[in-house]
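These notes are about the structure you will find just below.
The values are calculated or read from the model by the stated rules, or taken from the named source; none is laboratory data. Just so it is clear, the structure is predicted and the values come from calculations on it, not from any experiment. Reconstructed Cβ throughout: ideal geometry from the backbone, glycine too, with neighbour counts over all protein chains shown.
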Amino acid sequence: MDRRRFLKESALGASALATLGGAAVGKVSAAERVRVGVVGAGGRALSLNLSFAANPNAEVVAIADIDPRQFPRAVAEVTKRQGKEPQAVSDFRKLIDDPSIDALVVGTPDHWHAIPTILACLAGKDVYVEKPDGHNILEGQRMVAAMRKEKRIVQMGSQHRSTERMQSALEFIKSGKLGRCLFAKSWESARQGAIGRPPDGEPPSGVDYDMWIGPAPKRPFNPNRFHGRWRWLYDFGTGDLGNDGVHRLDMAIAALNAACEAQGDSPLGLPTSIHASGGKWYFDDMQEFPDTLQATYEYGSGQVEDGRPPRDKKILTYELRIWCPYNMEGLSEGAALYGDAGYMILGNNGWRAYGPGGQVMKEMPGDSHEAAHVQNFIDCIKSRQKPYCDLETVGHPASLLCHAGNISARLGGRRLELDAETETFRGDDEANALRTRPEYRQPWVLPEV
(Lines give C-alpha, C1' and ligand atoms only; values in the text may rest on other atoms or scores of the structure.)
Protein backbone atom coordinates (compact mmCIF):
# COMPACT_ATOMS: atom_id res chain seq x y z
CA MET A 1 0.00 0.00 0.00
CA ASP A 2 1.47 3.38 -0.96
CA ARG A 3 1.80 6.17 1.57
CA ARG A 4 -0.94 8.48 0.23
CA ARG A 5 -3.46 5.64 0.08
CA PHE A 6 -2.55 4.74 3.66
CA LEU A 7 -3.13 8.33 4.78
CA LYS A 8 -6.64 8.23 3.34
CA GLU A 9 -7.70 4.77 4.48
CA SER A 10 -6.09 3.93 7.79
CA ALA A 11 -7.32 4.99 11.21
CA LEU A 12 -4.84 6.58 13.56
CA GLY A 13 -4.50 5.09 17.01
CA ALA A 14 -4.07 7.16 20.13
CA SER A 15 -0.58 8.46 20.80
CA ALA A 16 1.13 9.69 23.93
CA LEU A 17 2.71 13.11 23.48
CA ALA A 18 4.33 13.26 26.89
CA THR A 19 7.74 13.56 25.25
CA LEU A 20 6.89 16.95 23.77
CA GLY A 21 9.79 18.59 25.55
CA GLY A 22 12.26 15.74 25.43
CA ALA A 23 14.17 13.43 23.12
CA ALA A 24 12.93 12.03 19.84
CA VAL A 25 9.67 10.11 20.07
CA GLY A 26 9.20 6.61 18.70
CA LYS A 27 7.82 7.20 15.22
CA VAL A 28 5.68 4.86 13.17
CA SER A 29 7.18 3.77 9.87
CA ALA A 30 8.09 6.50 7.41
CA ALA A 31 5.42 5.29 4.98
CA GLU A 32 2.73 5.84 7.61
CA ARG A 33 3.67 9.33 8.76
CA VAL A 34 1.94 12.50 7.64
CA ARG A 35 4.66 14.61 6.05
CA VAL A 36 4.26 18.22 7.14
CA GLY A 37 5.60 21.55 5.96
CA VAL A 38 5.33 24.43 8.44
CA VAL A 39 5.10 28.08 7.40
CA GLY A 40 6.76 29.96 10.24
CA ALA A 41 9.57 29.20 12.66
CA GLY A 42 8.93 31.51 15.63
CA GLY A 43 6.10 32.44 17.98
CA ARG A 44 3.00 30.27 17.54
CA ALA A 45 4.65 28.58 14.58
CA LEU A 46 7.48 27.36 16.81
CA SER A 47 4.99 25.71 19.15
CA LEU A 48 3.26 24.05 16.20
CA ASN A 49 6.58 22.85 14.83
CA LEU A 50 7.31 21.18 18.16
CA SER A 51 3.84 19.63 18.50
CA PHE A 52 3.91 18.10 15.03
CA ALA A 53 7.50 16.90 15.50
CA ALA A 54 6.55 15.27 18.80
CA ASN A 55 3.63 13.39 17.28
CA PRO A 56 4.78 9.87 16.34
CA ASN A 57 2.48 9.86 13.33
CA ALA A 58 3.89 13.03 11.75
CA GLU A 59 7.19 14.33 10.42
CA VAL A 60 8.12 17.96 9.91
CA VAL A 61 10.08 17.76 6.69
CA ALA A 62 10.47 21.48 5.95
CA ILE A 63 10.07 24.87 7.63
CA ALA A 64 9.68 28.16 5.76
CA ASP A 65 10.34 31.62 7.20
CA ILE A 66 11.33 35.05 5.92
CA ASP A 67 13.57 35.62 8.98
CA PRO A 68 16.63 33.31 8.96
CA ARG A 69 17.32 34.15 12.61
CA GLN A 70 14.32 31.98 13.53
CA PHE A 71 15.69 28.80 11.99
CA PRO A 72 18.44 27.61 14.40
CA ARG A 73 16.16 27.07 17.38
CA ALA A 74 13.25 25.68 15.36
CA VAL A 75 15.41 23.22 13.42
CA ALA A 76 17.28 22.09 16.53
CA GLU A 77 14.12 21.56 18.60
CA VAL A 78 12.30 19.74 15.81
CA THR A 79 15.32 17.51 15.20
CA LYS A 80 15.51 16.67 18.91
CA ARG A 81 11.87 15.60 18.97
CA GLN A 82 11.62 13.62 15.77
CA GLY A 83 15.20 12.45 15.29
CA LYS A 84 15.43 13.88 11.78
CA GLU A 85 16.41 17.38 10.66
CA PRO A 86 13.89 19.38 8.63
CA GLN A 87 14.85 21.48 5.64
CA ALA A 88 14.83 25.28 6.14
CA VAL A 89 13.63 27.44 3.24
CA SER A 90 12.79 31.12 2.80
CA ASP A 91 9.76 30.78 0.49
CA PHE A 92 6.65 28.89 1.61
CA ARG A 93 5.76 28.13 -2.01
CA LYS A 94 8.51 25.50 -2.07
CA LEU A 95 6.52 23.57 0.55
CA ILE A 96 3.38 23.75 -1.55
CA ASP A 97 5.24 22.67 -4.70
CA ASP A 98 6.81 19.65 -2.96
CA PRO A 99 4.65 16.63 -3.91
CA SER A 100 5.99 14.61 -0.98
CA ILE A 101 4.44 16.97 1.58
CA ASP A 102 0.93 15.94 2.63
CA ALA A 103 -0.10 18.85 4.84
CA LEU A 104 0.75 22.50 5.28
CA VAL A 105 0.77 24.11 8.72
CA VAL A 106 0.29 27.89 8.60
CA GLY A 107 1.56 29.63 11.73
CA THR A 108 2.02 33.09 10.24
CA PRO A 109 0.62 36.53 11.12
CA ASP A 110 -3.05 36.99 10.20
CA HIS A 111 -2.40 38.70 6.87
CA TRP A 112 -0.53 35.60 5.69
CA HIS A 113 -3.16 32.97 6.60
CA ALA A 114 -5.33 32.97 3.49
CA ILE A 115 -2.96 32.82 0.52
CA PRO A 116 -0.87 29.81 1.69
CA THR A 117 -4.03 27.97 2.79
CA ILE A 118 -5.79 28.51 -0.55
CA LEU A 119 -2.72 27.58 -2.61
CA ALA A 120 -2.14 24.46 -0.51
CA CYS A 121 -5.75 23.34 -0.91
CA LEU A 122 -5.59 23.89 -4.66
CA ALA A 123 -2.38 21.82 -4.70
CA GLY A 124 -4.18 18.92 -3.00
CA LYS A 125 -2.76 19.36 0.49
CA ASP A 126 -4.60 19.40 3.80
CA VAL A 127 -4.05 22.44 6.03
CA TYR A 128 -3.77 23.36 9.68
CA VAL A 129 -4.09 27.16 9.87
CA GLU A 130 -3.83 29.39 12.91
CA LYS A 131 -6.76 31.53 13.99
CA PRO A 132 -8.53 33.61 12.86
CA ASP A 133 -9.05 32.05 9.45
CA GLY A 134 -7.95 35.09 7.45
CA HIS A 135 -7.31 38.80 7.70
CA ASN A 136 -10.88 39.63 6.64
CA ILE A 137 -14.24 38.08 5.76
CA LEU A 138 -13.60 37.64 2.03
CA GLU A 139 -10.34 35.81 2.71
CA GLY A 140 -12.17 33.36 4.96
CA GLN A 141 -14.85 32.80 2.32
CA ARG A 142 -12.20 32.16 -0.33
CA MET A 143 -10.40 29.70 1.99
CA VAL A 144 -13.64 27.78 2.53
CA ALA A 145 -14.28 27.75 -1.23
CA ALA A 146 -10.84 26.24 -1.92
CA MET A 147 -11.35 23.65 0.81
CA ARG A 148 -14.73 22.65 -0.64
CA LYS A 149 -13.54 22.55 -4.23
CA GLU A 150 -10.61 20.25 -3.51
CA LYS A 151 -12.29 18.30 -0.68
CA ARG A 152 -9.45 19.08 1.73
CA ILE A 153 -9.24 18.76 5.50
CA VAL A 154 -8.66 22.20 7.03
CA GLN A 155 -8.32 22.55 10.80
CA MET A 156 -8.28 26.04 12.30
CA GLY A 157 -6.06 26.46 15.34
CA SER A 158 -8.70 27.03 18.04
CA GLN A 159 -7.09 24.18 19.94
CA HIS A 160 -9.54 24.18 22.86
CA ARG A 161 -12.05 22.42 20.61
CA SER A 162 -10.05 19.18 20.78
CA THR A 163 -9.32 19.20 24.50
CA GLU A 164 -10.90 16.79 26.95
CA ARG A 165 -11.72 19.89 28.99
CA MET A 166 -13.95 21.32 26.25
CA GLN A 167 -15.47 18.03 25.18
CA SER A 168 -16.47 17.21 28.77
CA ALA A 169 -18.03 20.66 29.20
CA LEU A 170 -20.15 20.20 26.09
CA GLU A 171 -21.32 16.79 27.25
CA PHE A 172 -22.41 18.25 30.57
CA ILE A 173 -24.33 21.04 28.83
CA LYS A 174 -26.03 18.49 26.56
CA SER A 175 -27.33 16.71 29.66
CA GLY A 176 -29.70 19.64 30.10
CA LYS A 177 -28.75 20.30 33.71
CA LEU A 178 -28.33 24.03 33.08
CA GLY A 179 -31.93 24.26 31.94
CA ARG A 180 -33.01 26.55 29.10
CA CYS A 181 -30.07 28.69 27.95
CA LEU A 182 -30.53 31.90 25.99
CA PHE A 183 -27.41 33.91 26.82
CA ALA A 184 -23.65 33.40 26.65
CA LYS A 185 -20.77 35.78 27.11
CA SER A 186 -17.03 35.84 26.60
CA TRP A 187 -14.36 38.23 27.72
CA GLU A 188 -10.75 39.34 27.68
CA SER A 189 -9.54 41.34 30.66
CA ALA A 190 -5.86 40.45 30.87
CA ARG A 191 -3.74 43.59 31.09
CA GLN A 192 -1.45 44.18 28.14
CA GLY A 193 1.19 46.82 27.76
CA ALA A 194 1.51 49.74 25.38
CA ILE A 195 3.62 49.26 22.25
CA GLY A 196 4.89 52.84 22.08
CA ARG A 197 5.69 54.86 18.97
CA PRO A 198 9.15 53.75 17.81
CA PRO A 199 10.59 55.42 14.70
CA ASP A 200 10.80 53.68 11.34
CA GLY A 201 14.09 52.09 10.46
CA GLU A 202 15.75 49.30 8.53
CA PRO A 203 14.71 45.64 8.78
CA PRO A 204 17.16 43.22 10.44
CA SER A 205 19.86 41.86 8.18
CA GLY A 206 18.73 38.89 6.10
CA VAL A 207 15.00 39.46 6.66
CA ASP A 208 12.84 39.46 3.52
CA TYR A 209 10.68 42.33 4.74
CA ASP A 210 8.99 42.85 1.39
CA MET A 211 7.67 39.30 1.48
CA TRP A 212 6.68 39.72 5.14
CA ILE A 213 4.51 42.69 4.09
CA GLY A 214 3.05 40.44 1.37
CA PRO A 215 -0.45 41.46 0.25
CA ALA A 216 -0.61 44.44 2.62
CA PRO A 217 0.27 48.00 1.54
CA LYS A 218 3.98 48.75 1.41
CA ARG A 219 5.10 50.41 4.64
CA PRO A 220 8.54 51.34 6.02
CA PHE A 221 9.98 48.85 8.48
CA ASN A 222 9.00 49.52 12.08
CA PRO A 223 9.36 47.25 15.13
CA ASN A 224 5.60 47.57 15.58
CA ARG A 225 5.07 46.26 12.06
CA PHE A 226 6.98 43.07 12.72
CA HIS A 227 7.23 40.13 15.10
CA GLY A 228 4.67 40.17 17.89
CA ARG A 229 3.21 43.64 17.45
CA TRP A 230 1.76 43.41 13.94
CA ARG A 231 -1.58 42.19 15.37
CA TRP A 232 -2.52 45.67 16.60
CA LEU A 233 -2.41 47.28 13.12
CA TYR A 234 -5.18 47.18 10.51
CA ASP A 235 -2.88 46.19 7.63
CA PHE A 236 -1.69 42.98 9.25
CA GLY A 237 -3.78 41.90 12.22
CA THR A 238 -7.30 41.64 13.62
CA GLY A 239 -6.73 43.18 17.04
CA ASP A 240 -7.31 41.35 20.28
CA LEU A 241 -10.79 40.40 19.11
CA GLY A 242 -9.13 38.21 16.45
CA ASN A 243 -6.17 37.30 18.64
CA ASP A 244 -7.60 35.94 21.91
CA GLY A 245 -11.23 36.90 21.39
CA VAL A 246 -11.77 34.28 18.69
CA HIS A 247 -10.98 31.57 21.25
CA ARG A 248 -13.38 32.95 23.87
CA LEU A 249 -16.15 33.58 21.34
CA ASP A 250 -15.78 30.08 19.93
CA MET A 251 -15.93 28.57 23.42
CA ALA A 252 -19.17 30.46 24.03
CA ILE A 253 -20.58 29.45 20.62
CA ALA A 254 -19.78 25.79 21.28
CA ALA A 255 -21.44 25.96 24.69
CA LEU A 256 -24.54 27.74 23.38
CA ASN A 257 -24.85 25.28 20.49
CA ALA A 258 -24.63 22.38 22.93
CA ALA A 259 -27.47 23.98 24.89
CA CYS A 260 -29.49 24.35 21.68
CA GLU A 261 -29.07 20.62 21.10
CA ALA A 262 -30.13 19.83 24.66
CA GLN A 263 -33.27 21.94 24.50
CA GLY A 264 -34.34 21.00 20.98
CA ASP A 265 -33.55 24.35 19.36
CA SER A 266 -31.98 24.81 15.94
CA PRO A 267 -28.19 25.37 15.81
CA LEU A 268 -27.10 29.00 16.07
CA GLY A 269 -25.77 29.52 12.58
CA LEU A 270 -24.51 33.06 12.00
CA PRO A 271 -25.85 36.08 13.92
CA THR A 272 -28.54 38.27 12.42
CA SER A 273 -26.98 41.44 13.83
CA ILE A 274 -23.66 42.65 15.23
CA HIS A 275 -23.03 45.74 17.31
CA ALA A 276 -19.59 46.56 18.73
CA SER A 277 -19.09 49.74 20.72
CA GLY A 278 -15.74 50.95 21.96
CA GLY A 279 -12.42 52.25 20.79
CA LYS A 280 -8.80 52.97 21.56
CA TRP A 281 -9.40 54.86 24.80
CA TYR A 282 -6.59 53.77 27.12
CA PHE A 283 -3.22 53.25 25.42
CA ASP A 284 -1.39 56.19 23.83
CA ASP A 285 0.63 54.33 21.22
CA MET A 286 0.55 52.98 17.65
CA GLN A 287 -2.24 50.46 18.24
CA GLU A 288 -5.19 50.95 15.89
CA PHE A 289 -7.68 48.40 17.21
CA PRO A 290 -9.85 49.01 20.29
CA ASP A 291 -8.45 48.43 23.76
CA THR A 292 -11.98 48.77 25.17
CA LEU A 293 -14.90 47.03 23.47
CA GLN A 294 -18.36 45.64 24.07
CA ALA A 295 -19.74 43.49 21.24
CA THR A 296 -23.22 42.00 21.04
CA TYR A 297 -24.23 39.26 18.60
CA GLU A 298 -27.93 38.54 18.23
CA TYR A 299 -29.15 35.24 16.79
CA GLY A 300 -32.47 34.14 15.39
CA SER A 301 -35.35 35.71 13.50
CA GLY A 302 -37.52 36.22 16.57
CA GLN A 303 -40.54 34.94 14.70
CA VAL A 304 -43.48 34.50 17.08
CA GLU A 305 -45.98 31.66 16.59
CA ASP A 306 -49.31 31.43 18.41
CA GLY A 307 -48.22 34.23 20.73
CA ARG A 308 -45.45 32.12 22.27
CA PRO A 309 -41.90 33.39 22.89
CA PRO A 310 -39.59 32.78 19.90
CA ARG A 311 -37.49 29.62 20.19
CA ASP A 312 -34.57 30.77 18.08
CA LYS A 313 -33.51 34.01 19.81
CA LYS A 314 -30.12 33.95 21.56
CA ILE A 315 -27.56 36.57 22.58
CA LEU A 316 -23.79 36.28 22.72
CA THR A 317 -21.64 39.10 24.10
CA TYR A 318 -17.91 39.78 24.16
CA GLU A 319 -16.10 42.23 26.43
CA LEU A 320 -12.55 43.41 25.83
CA ARG A 321 -10.67 45.43 28.44
CA ILE A 322 -6.99 44.82 27.83
CA TRP A 323 -5.96 47.35 30.47
CA CYS A 324 -7.55 45.52 33.44
CA PRO A 325 -5.23 44.20 36.19
CA TYR A 326 -8.00 42.00 37.65
CA ASN A 327 -10.22 39.09 36.61
CA MET A 328 -13.85 38.69 35.62
CA GLU A 329 -15.80 35.68 36.95
CA GLY A 330 -12.47 34.62 38.47
CA LEU A 331 -10.72 34.47 35.07
CA SER A 332 -8.69 36.94 33.04
CA GLU A 333 -10.21 35.43 29.88
CA GLY A 334 -13.05 32.99 29.45
CA ALA A 335 -16.63 32.28 28.50
CA ALA A 336 -19.88 31.68 30.35
CA LEU A 337 -23.23 30.08 29.54
CA TYR A 338 -26.38 31.00 31.49
CA GLY A 339 -29.50 28.85 31.87
CA ASP A 340 -32.58 28.96 34.06
CA ALA A 341 -31.32 26.03 36.16
CA GLY A 342 -27.63 26.89 36.37
CA TYR A 343 -24.65 28.37 34.60
CA MET A 344 -21.15 27.36 33.52
CA ILE A 345 -17.83 29.24 33.53
CA LEU A 346 -15.27 27.97 31.00
CA GLY A 347 -11.59 28.89 31.18
CA ASN A 348 -8.30 27.74 29.74
CA ASN A 349 -7.66 25.43 32.68
CA GLY A 350 -11.06 23.88 33.26
CA TRP A 351 -14.76 24.53 33.73
CA ARG A 352 -17.23 24.72 36.59
CA ALA A 353 -21.02 24.47 36.56
CA TYR A 354 -23.10 26.15 39.27
CA GLY A 355 -26.66 25.59 40.39
CA PRO A 356 -29.19 28.38 40.97
CA GLY A 357 -28.05 28.81 44.57
CA GLY A 358 -24.38 29.11 43.59
CA GLN A 359 -23.52 25.52 44.58
CA VAL A 360 -21.00 23.70 42.38
CA MET A 361 -22.79 21.09 40.31
CA LYS A 362 -19.69 19.71 38.59
CA GLU A 363 -16.21 20.82 37.58
CA MET A 364 -13.39 19.53 35.43
CA PRO A 365 -9.76 20.66 35.18
CA GLY A 366 -7.83 20.62 31.92
CA ASP A 367 -5.49 22.56 29.68
CA SER A 368 -5.40 24.18 26.26
CA HIS A 369 -2.29 22.67 24.68
CA GLU A 370 -2.56 22.03 20.95
CA ALA A 371 -1.24 18.44 21.08
CA ALA A 372 -4.77 17.00 21.02
CA HIS A 373 -5.75 19.38 18.20
CA VAL A 374 -2.75 18.25 16.16
CA GLN A 375 -3.73 14.64 16.84
CA ASN A 376 -7.31 15.32 15.72
CA PHE A 377 -6.01 16.90 12.50
CA ILE A 378 -3.85 13.88 11.74
CA ASP A 379 -6.73 11.52 12.54
CA CYS A 380 -8.93 13.39 10.08
CA ILE A 381 -6.31 13.45 7.34
CA LYS A 382 -6.50 9.67 7.48
CA SER A 383 -10.23 9.21 8.05
CA ARG A 384 -11.37 12.19 5.88
CA GLN A 385 -13.83 13.12 8.62
CA LYS A 386 -14.38 16.73 9.71
CA PRO A 387 -11.94 17.86 12.42
CA TYR A 388 -13.13 19.47 15.65
CA CYS A 389 -12.39 22.95 14.30
CA ASP A 390 -13.36 22.35 10.70
CA LEU A 391 -12.80 25.60 8.83
CA GLU A 392 -16.16 25.68 7.06
CA THR A 393 -18.49 24.81 9.95
CA VAL A 394 -16.56 26.06 12.99
CA GLY A 395 -13.45 28.12 12.23
CA HIS A 396 -14.80 30.53 9.64
CA PRO A 397 -18.08 31.28 11.48
CA ALA A 398 -16.15 32.10 14.67
CA SER A 399 -13.66 34.24 12.73
CA LEU A 400 -16.49 36.10 11.01
CA LEU A 401 -17.72 37.27 14.42
CA CYS A 402 -14.32 38.86 15.04
CA HIS A 403 -14.12 40.51 11.63
CA ALA A 404 -17.70 41.81 11.86
CA GLY A 405 -17.12 43.13 15.37
CA ASN A 406 -14.03 44.99 14.20
CA ILE A 407 -15.96 46.46 11.27
CA SER A 408 -18.77 47.66 13.56
CA ALA A 409 -16.23 49.28 15.90
CA ARG A 410 -14.37 50.97 13.02
CA LEU A 411 -17.66 52.47 11.89
CA GLY A 412 -18.25 54.12 15.23
CA GLY A 413 -20.33 51.35 16.78
CA ARG A 414 -22.75 50.95 13.88
CA ARG A 415 -25.26 48.10 14.18
CA LEU A 416 -24.77 45.72 11.26
CA GLU A 417 -27.45 43.44 9.83
CA LEU A 418 -25.87 40.27 8.43
CA ASP A 419 -27.10 38.29 5.44
CA ALA A 420 -25.99 34.78 6.42
CA GLU A 421 -26.19 33.44 2.86
CA THR A 422 -23.78 35.95 1.35
CA GLU A 423 -21.98 37.02 4.55
CA THR A 424 -22.57 40.64 3.56
CA PHE A 425 -24.16 43.50 5.50
CA ARG A 426 -27.61 44.53 4.37
CA GLY A 427 -27.83 48.03 2.94
CA ASP A 428 -24.40 49.12 4.16
CA ASP A 429 -21.85 49.78 1.41
CA GLU A 430 -19.33 51.22 3.86
CA ALA A 431 -19.36 48.10 6.01
CA ASN A 432 -19.22 45.80 2.98
CA ALA A 433 -16.15 47.66 1.69
CA LEU A 434 -14.38 46.55 4.90
CA ARG A 435 -15.08 42.88 4.18
CA THR A 436 -11.77 42.84 2.30
CA ARG A 437 -8.74 45.00 1.50
CA PRO A 438 -9.06 47.96 -0.83
CA GLU A 439 -6.27 46.35 -2.86
CA TYR A 440 -3.92 43.36 -2.68
CA ARG A 441 -0.32 44.26 -3.41
CA GLN A 442 1.17 42.47 -6.41
CA PRO A 443 2.09 39.70 -6.77
CA TRP A 444 0.24 38.60 -3.63
CA VAL A 445 -3.33 38.84 -4.87
CA LEU A 446 -5.99 36.68 -3.29
CA PRO A 447 -6.27 33.56 -5.47
CA GLU A 448 -9.50 32.95 -7.35
CA VAL A 449 -11.23 29.65 -6.63
Single condition residue 376 does not satisfy, out of (1) in contact with a strand residue (DSSP E or B) (Cβ under 8 Å, 6 or more places away or on another chain); (2) of a type in the set (S, T, N, Q); (3) modelled with pLDDT under 95: (3)
Count of the stretch 279-293 residues which are farther than 23 Å from residue 423 by Cα and either in a strand (DSSP E or B) or outside the structural domain of residue 314 (by TED's automatic domain parsing) (or both): 2
Some residue of the stretch 287-299 being over 24 Å from the mean Cα position of the chain (by Cα) and touching a residue at least 24 places away in the same chain (Cβ under 8 Å): no
Entirely in the stretch 51-153, the strands (runs of 3 or more DSSP E) that have 1 or more residues that are of a type in the set (Gly, Ala, Ser): 58-64, 87-89, 103-106
Enumeration of residues in the stretch 215-225 that are closer than 17 Å to residue 194 by Cβ and part of a loop (DSSP other than H, G, I, E, B): 222
Filtered residue count, the stretch 261-278, keeping only those that are in a loop (DSSP other than H, G, I, E, B) and either in contact with a strand residue (DSSP E or B) (Cβ under 9 Å, 6 or more places away or on another chain) or closer than 30 Å to residue 224 by Cα (or both): 7
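Residue-by-condition table, conditions (1) more than 25 Å from residue 152 (Cα to Cα); (2) surrounded by 19 or more Cβ atoms within 10 Å (Cβ to Cβ); (3) at pLDDT below 95:
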| site | (1), (2), (3) |
| --- | --- |
| 20 | yes, no, yes |
| 24 | yes, no, yes |
| 60 | no, yes, no |
| 89 | no, no, no |
Selection status of residue 60, without any contact (Cβ under 8 Å) to a residue 60 or more places away in the chain, over 23 Å from residue 238 (Cβ atoms) and in contact with a strand residue (DSSP E or B) (Cβ under 8 Å, 6 or more places away or on another chain): yes
